[in-house]
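A.B. asks: Let me begin by handing over the structure; questions about it come next.
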Amino acid sequence: MAWHAFRAMRREEDEERERKYSDLDLFKLVLGLFRYYLPEAISLLLIVIATSIFAALVPMLLQKIIDLFIKPNNVGFKPEIAIMAGLFLLFIVLNFVLTLTRSIMFAKLGQRIIFRIRNDVFSKLQFQSQEYFTETESGRTISKVTNDVDALGELLTSGIIDIFADLFSLGWIIGIMFSYDTKMTLFTFTVIPILLVVVIIFKNRVRGAYRRTRVAIAKVTANLQETIQSAKVTKTLSREDENIQKFRDLNKETFSANVEAAGISSLFMPIIQIVAAIGTTIILIYGGYALKFGDITYGELFAFLQYSSMFFTPIMNLFTFYTLIQSGFAAGERIFEILDEDVKIKNCDNPIILENIKGHIEFKSVDFSYNVDVQVLNNIQLDIKPGQSIALVGRTGAGKTTITKLLARYYDVTKGELLVDGHNIKEIELNNLRKNIAVVPQDVFLFSGIIIENLKFGNKKAKDKEVYSVCETLGLHSYITKLPEGYQTDVREGGSRLSLGQRQLISLARAVIADPRILILDECTSSIDPITESLIQKGIDYILKNRTSIIIAHRLSTIKSASKIIVIDEGGIIEEGTHDQLLRKKGKYFNLYQTQITSNIID
Amino acid sequence: MSWLDNRERIHSAKEIFRILKPYLLKRPLFLLFVSIVSFVAALIGLITPQLIRYIVDDAIPKGNLFLLWILGLSVLLVAIIAGLMQFISRYYAALLAQKITLELRDDIYELLQQLTMEYYDEESTGQIMTRVTTDLNAISSFISFTLRLLLNGVILFVGSYTAMIVMSWKLGLIMVGFFPVFIWLVFWFSNKVRPIFYKSRTQFGVVTSVLQENVTGIHVVRGFAQEENEIEKFTSENAKYMNLRIKAQVYRSIYFGTMTLLIGLGTSLVLFLGGFAVVDNTMKLGVFLSFIFYLMILPMPTRQLTMVIGVVQRALASGDRLMELLSAKREIQEDPDAIIPPKLQGKINYENVWFEYEKNKPILRNINIGIPSGQKIVLMGGTGSGKSSFVSLLQRFYDPNQGEIKIDGINIRNYQLKSLRKQIGLVLQDTFLFNDSMKENIAFGKPNASEEEIEKAARTANIHDFIISLPDGYDTRVGDRGITLSGGQKQRISIARTLLTDPSLLIFDDSTASVDAETEAQIQESLDILSKGRTTIIISQRISSVKYADRILVFDEGEIIQDGNHDDLINQKGLYQEIYTTLAKSYDNQKVTLIEKEDIHKEEY
């Protein structure tokens, strides 16, 4: 019990939110998870029912033994006692086998379902719209797949099965009790209204109290995250004391909320126990009278006592699992939210698979906006011939990166058409398209693991030789071989072992090794120092040969050799032409170029 | 105890409990009170079967209705007292746990403020967060459950046994025979489950990191169309995790099942032997019945004791991680008689400074340099040449391994750390904005700044106009991690933040790498304002910065290889000349440049 409550406490990132699903919806969704394992689920249900019958029969068997055979003053029957005790033993062993089968089956089924949900969510994430990732912090997403799936799993695998079994037994128990003695049963059930009142009063209070604890701890967590991420800022500005004060207040809030919740939940269990004791008292006193008048037997009295305690058990368990159920449902809600979301970018019916993409790219009157209010791209007209190298130039936020994202189909255009080799990219099979386009993004991401694996990420079949030759072209090979473990060096999470410049080079090499027909370089050498950059420029030129390429760069020196330079401002193309043409034109490009020269060269 | 040991932990259980000791011992009476109440609550629970026994054996056969009522109502009374005690014990145990958690969390937070930069460099945010939230909660439930459950479990267990032996020592002794089996079962279970538990924890870590990398690198995964491979990778790790979990649960099922079986076995023995005894009149029916009631109590304490094992093991695993945090190196401590510097002039001296992060890999080698106050210095050099370490030492994020750094002629170790840092403004490469209003972000280093001061800083940093164009002006909240602002805007807010603290020394860690030329020019302008009258150190890759510099230091492999102004260095053979010519070449040759420059001037007139 304790550790369910403890697990429940881990669900701290539950925040206040509008609920999309009602409890009933969620219950249906959770139940729906069993549909993939229908035969197992049905046999499990049968075993649950069987064990519940068994559980309900045990006191009855004891009653029979007591009443039939165990009577004081030598009226009992010894051999029969032995037989009945043996029968009871058999009963116990059977029950053991059934219960064991039940819990093992349930463990397997539950874990399989969790496994499946986790996989489903992960797979769904692979195809989730790009907006989702820009709008949702990665931590939150990760927590959905780990903590939330765990919380839901907890609900599925721990104890809840016992509650089901108990609830089933409840039916049998009530029936058996009535069959024994209607009056006594009715007397015993007078506690039910008290029970209902207690449950109703507590239900809402507990819910409110736990919600407050979650809100409070969410604030603490958020504060903590900022603190850790801003450690350096805090240190430079010596903000420690204020931070501590702020945190103390939040922490104190959590404390008060938790103490309040503890007060309410500590009260519930004892109260239910007292209500149960009222039942016992009624049975004992009424039973005493009834015994006196011979209305019932000792065995029946005993059985009644047993049944009434069995009657209260599921209610207490339900409460113990209350927080678990709550957090399981909250978690379920967040999981179903992901699973139910539409995949915006997907293959059309009968997508085209292009065997040999030539790399002819056309933008036809393309408009694009991430959300309705802000138009990011405005009537983009572009025709990039196979093998051409195009440079996009413009200030930060002009829309350059967006153009590349549309091409790789991270987003779909709002208006107009985008064609590759004459086919609208919406009609090309997504994997086929992306395998032929490699984007080397501004913010480099390397996977933990060895360098060579990172390099082969886009082309698992690449030979080591090919990898080395690409690295040599980019001047990376000699650097890597200098590392103690060479290509086998583990770059660690996020590539933190390497400098930013080195990471950029690896990211570039990785794209080249994937051997795409279309290569997009988005500021991919910004962190490489000028000397190295000029050294690798030849390598880059070599790599771009025979490929259609789009290059984005702020350092205009790197793009002079492009076959065409496109100047973008506020989402539209304002100038295009070769370096010389544009310089002669003395427009925006000319100005940009001048600014850079004056800032980089002093006379 | 054997279940307290495990190989995966670094710290012993003793060490871990030592963290809690001061917090627990702070309130000995509280602790005693909770123990006594839990003790009494458990003990009272054992009375009920006895009352039933007397009802059956005395009240009913003798037809004593008065006794029946008395005993019947006593059942209720006992339940009420037990309930009250239970409530008190639960509530106060939770209160104790919450109080300790509150204090521990506060203390850990304070510690976080004092940890070295190295710690933050090496640990991921998630790891630290888990320690302060999840791990601390594990400790908290340890406090609130262990004591109470342990007392309750032991008393119910021992109490039921005692009652059984007292009522019928023969039958009682038979049940005692089961005792070693119970104990053995508990140990068997915890020994079986412990390694699986740890393995599954580790495996879960693997699942999480695959996931984390996938989510943070989703654009790469997509870019290379590697979704299927990623799913495959995840599925295989996820399946491993599932199998471990199933295994643990199977053991758990066997354990609880066998426990119930044993008790059932006991019950059949009691039925058999006790039944004979009742028939022979050597045992009363009531005794027989209450015997069965005691037997039925037994599953509860065994469950509770098993739970204690779980809670303790979790607490130990968590405690271990907390220990790592608590024993992490705290920041360079200051001299007890450290001085609070007056307004610094900004004269800096590095004398024979050596510094290394890892042994035998010096990042700075024998740096000797003097910077007069008010000078503007630009640091140049490739990645890893030691520029950033050079300035980190000045702020005392780290201390040098050898040599001394002096500001205004006094070793910086002799200054009070916070006062020193307050006088050094650092504009970071990676701008961090808080999920707070613009106002609060700018005033971060000076929370009591007036609105005029904030506005003035914002104006100087060239960001005021932008801020007032926002819907709520200075009260506009910055989206989480500054997502809604451009790099240049974030940078300028960060400059305003530094400006507001009016530092005597200024360090500008170049972040203009991926900013366009215009934004860069704007930042340059702000920087110019910011550096007026202050000793300023600028780390930069760009030649543009040197225009504003009095002096340039060129770093290579931890040494300053060139020192001088632009005119000196451009005529010296060396790295500077090389960088300069490379850049110049990349922008055509200077002739073209000069001609076009004249054109600009013509346009202006």
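Throughout, read-outs are computed from the coordinates displayed, never taken from laboratory work. On a predicted model such as this, the values are computed, not experimentally measured, just so you know. Cβ: placed from backbone, ideal geometry, glycine included. Neighbour counts: every protein chain shown.
A.B. asks: Please work out the Cα center distance from the range B:412-458 to the range A:309-367, rounded to the nearest Å.
C.D. replies: If we compute the Cα centre of each part, the gap is 42 Å.
A.B. asks: Provide the percentage of antiparallel DSSP beta bridges, counting only those with both residues in the range B:348-577; round to the nearest 5.
C.D. replies: Values: 19 of 36 bridges.
Beta bridges within the range B:348-577, antiparallel portion: roughly 55 percent.
A.B. asks: Express in nm, to one decimal, how much length is gained between A:Thr313 and A:Asn204 on full extension, taking 0.36 nm for each residue of separation and deducting their alpha carbon distance.
C.D. replies: Working: separation 109, 0.36 × 109 = 39.24 nm, distance 2.09 nm.
The A:Thr313-A:Asn204 span can extend by a further 37.1 nm.
A.B. asks: Give the cross-link partners of B:Lys170 among the lysines, using a straight C-alpha distance below 18 Å as the criterion and excluding same-chain residues fewer than 8 apart.
C.D. replies: By straight Cα distance, B:Lys170 reaches B:Lys284.
A.B. asks: I need the P(r) histogram for the protein assembly as shown: all alpha carbon pairs, bin width 10 Å from 0 out to the longest distance, whole percents.
C.D. replies: Bin by bin from 0 Å, the calculated values are 2, 8, 15, 18, 17, 13, 10, 7, 6, 3, 1, 0, 0.
A.B. asks: While we're looking at this one, here's another question. Could you give the size of the charge dipole of the range B:348-577 about its Cα centre, using +1 on the Cβ of each K and R and -1 on the Cβ of each D and E, expressed in debye and rounded to the nearest 20? Before the final figure, lay out each step's value.
C.D. replies: On the way: 26 positive and 32 negative charges, 99 e Å.
Result for the range B:348-577 is approximately 480 debye, rounded to the nearest 20.
A.B. asks: Which lysines have a Cα lying under 20 Å from the Cα of A:Lys585, excluding residues fewer than 8 positions away in the same chain?
C.D. replies: A:Lys560, A:Lys564, B:Lys591, B:Lys597, B:Lys602
A.B. asks: Sort the range A:350-460 into rounded, prolate or oblate with this rule: let a ≥ b ≥ c be the square roots of the eigenvalues of the Cα gyration tensor; rounded if a/c is under 1.5, and if a/c is not under 1.5, prolate when a/b is larger than b/c, oblate otherwise.
C.D. replies: Numbers: a/c = 1.78, a/b = 1.26, b/c = 1.41.
Verdict is oblate for the range A:350-460.
A.B. asks: Going by alpha carbons, how many degrees (0 to 90, nearest 10) lie between the helix axis of A:530-544 and the longest principal axis of chain A?
C.D. replies: Compared with the principal axis, the helix lies near 90 degrees.
A.B. asks: If I fit a long axis through the Cα atoms of helix B:65-114 and take the longest principal axis of the Cα atoms of chain B, what angle between them do I get, 0 to 90°, rounded to 10?
C.D. replies: Its long axis makes an angle of about 20 degrees.
A.B. asks: Right, here's the next one. Can you give me the three principal axis dimensions of the range B:169-282 from its C-alpha atoms, in Å, biggest first?
C.D. replies: Dimensions of the range B:169-282 along the principal axes of its Cα atoms: 86, 20, 15 Å.
A.B. asks: Could you work out the Rg to Rh ratio of the range A:302-375, with Rh taken as the Kirkwood radius (inverse of the mean 1/r over all Cα pairs)?
C.D. replies: On the way: Rg = 28.5 Å, Rh = 19.5 Å.
Using only Cα positions, Rg/Rh for the range A:302-375 is 1.46.
A.B. asks: Another question about this same structure. In whole angstrom, and with the biggest value first, how far do the Cα coordinates of chain B range along each principal axis?
C.D. replies: Result for chain B: principal-axis Cα extents of 125, 54, 53 Å.
A.B. asks: Continuing with this model, one more query. I'd like to know which of A:Thr254, A:Thr281, B:Thr235 lies farthest towards the positive end of the charge dipole of the protein assembly as shown, counting +1 on Cβ of Lys and Arg and -1 on Cβ of Asp and Glu.
C.D. replies: So the residue we want is A:Thr281.
A.B. asks: So what's the angle, to the nearest 10 degrees on a 0 to 90 scale, between helix A:298-320 and the longest Cα principal axis of chain A?
C.D. replies: With rounding to tens, the tilt is 20 degrees.
A.B. asks: Given H placed on each backbone N at 1.01 Å, which residues far from A:Val439 in sequence or on other chains put an amide H within less than 5 Å of it?
C.D. replies: A:Ile520
A.B. asks: Would you compute, for the Cα atoms of the range A:182-295, the largest minus smallest coordinate along each principal axis and list the three values in descending order, in whole Å?
C.D. replies: That gives 88, 18, 16 Å along the principal axes, largest extent first.
A.B. asks: When a footprinting reagent is the concern and you count Cβ atoms within 10 Å, what order do A:Thr473, A:Thr227, A:Thr402 take, fewest first? Working shown, then result.
C.D. replies: Working: A:Thr473 18, A:Thr227 24, A:Thr402 21.
Fewest to most other Cβ atoms nearby, the residues stand as A:Thr473, A:Thr402, A:Thr227.
A.B. asks: On alpha-carbon atoms, Rg over Rh for chain A using Kirkwood Rh? Don't skip to the answer; put the middle values down first.
C.D. replies: Working: Rg = 35.4 Å, Rh = 30.6 Å.
My calculation puts Rg/Rh at 1.16.
A.B. asks: For a test of the definition: using alpha carbon positions, the gyration tensor, and the 1.5 limit on a/c, classify the range A:167-238 as rounded, prolate or oblate. List each step's numbers first, then the result.
C.D. replies: Details: a/c = 9.97, a/b = 4.29, b/c = 2.33.
Prolate shape, in that a/c is at least 1.5 and a/b is the bigger ratio.
A.B. asks: To the nearest 20 Debye, how big is the dipole of chain B about its Cα centre, given +1 on the beta carbon of each Lys and Arg and -1 on that of each Asp and Glu? Each step should come with its number before you reach the end.
C.D. replies: Working: 63 positive and 66 negative charges, 738 e Å.
Dipole of chain B, to the nearest 20 debye: 3540 debye.
A.B. asks: Please report, in debye to the nearest 20, how large the charge dipole of the range B:169-282 is about its Cα centre when each Lys and Arg carries +1 at its beta carbon and each Asp and Glu carries -1 there. Mind showing how you got there, number by number?
C.D. replies: Values: 11 positive and 7 negative charges, 76 e Å.
Using Cβ point charges on Lys, Arg, Asp and Glu, the range B:169-282 gives about 360 debye.
A.B. asks: Could you check the spin-label model distance between B:Lys532 and A:Val197? Points 7 Å from the Cα along Cα→Cβ, value in nm.
C.D. replies: Between B:Lys532 and A:Val197, the simple spin-label model gives 7.8 nm.
A.B. asks: Let me ask another. Name the residue farthest towards the positive end of the dipole of the protein assembly as shown from the options A:Thr157, B:Ser140, B:Val206, assuming +1 on Cβ of Lys and Arg, -1 on Cβ of Asp and Glu, about the Cα centre.
C.D. replies: The residue sitting most towards the positive pole is A:Thr157.
A.B. asks: Find which of B:Ala496, B:Ser392, B:Phe444 sits farthest along the positive direction of the dipole of the range B:348-577, computed with +1 on the beta-carbon of Lys and Arg, -1 on that of Asp and Glu, about the Cα centre.
C.D. replies: The listed residue farthest towards the positive side: B:Ser392.
A.B. asks: ³J(HN,Hα) across the range B:151-157 via Karplus (A = 6.51, B = -1.76, C = 1.60, θ = phi - 60°), whole Hz, x for Gly/Pro?
C.D. replies: The phi angles translate into 4, 4, x, 4, 5, 4, 5 Hz.
A.B. asks: Next question, about the same structure. With a bin width of 10 angstrom, please list the P(r) values of the range B:348-577 as percents of all Cα-Cα pairs, from the 0 bin to the one holding the largest distance.
C.D. replies: Percent of pairs per bin, in order: 8, 32, 34, 20, 6, 0.
A.B. asks: For the range A:460-539, how many pairs of lysine residues have a Cα-Cα distance under 24 Å, where the two are 8 or more positions apart or belong to different chains? Please list the in-between numbers first.
C.D. replies: Working: A:Lys463/A:Lys482; A:Lys463/A:Lys538; A:Lys465/A:Lys482; A:Lys465/A:Lys538; A:Lys482/A:Lys538.
Qualifying lysine pairs in the range A:460-539: 5.
A.B. asks: Can you tell me which lysines have their Cα less than 26 Å from the Cα of B:Lys456? Leave out same-chain residues fewer than eight positions away.
C.D. replies: Hits, sequence-local ones excluded: A:Lys232, A:Lys235, B:Lys343, B:Lys376, B:Lys418, B:Lys422, B:Lys439, B:Lys446, B:Lys490, B:Lys532.
A.B. asks: By its C-alpha gyration tensor, with a ≥ b ≥ c as the square roots of the eigenvalues, how is the range A:474-548 shaped: rounded for a/c under 1.5, else prolate for a/b larger than b/c, else oblate? Can you show the working numbers first?
C.D. replies: Details: a/c = 1.73, a/b = 1.52, b/c = 1.14.
It comes out prolate by the Cα gyration axes.
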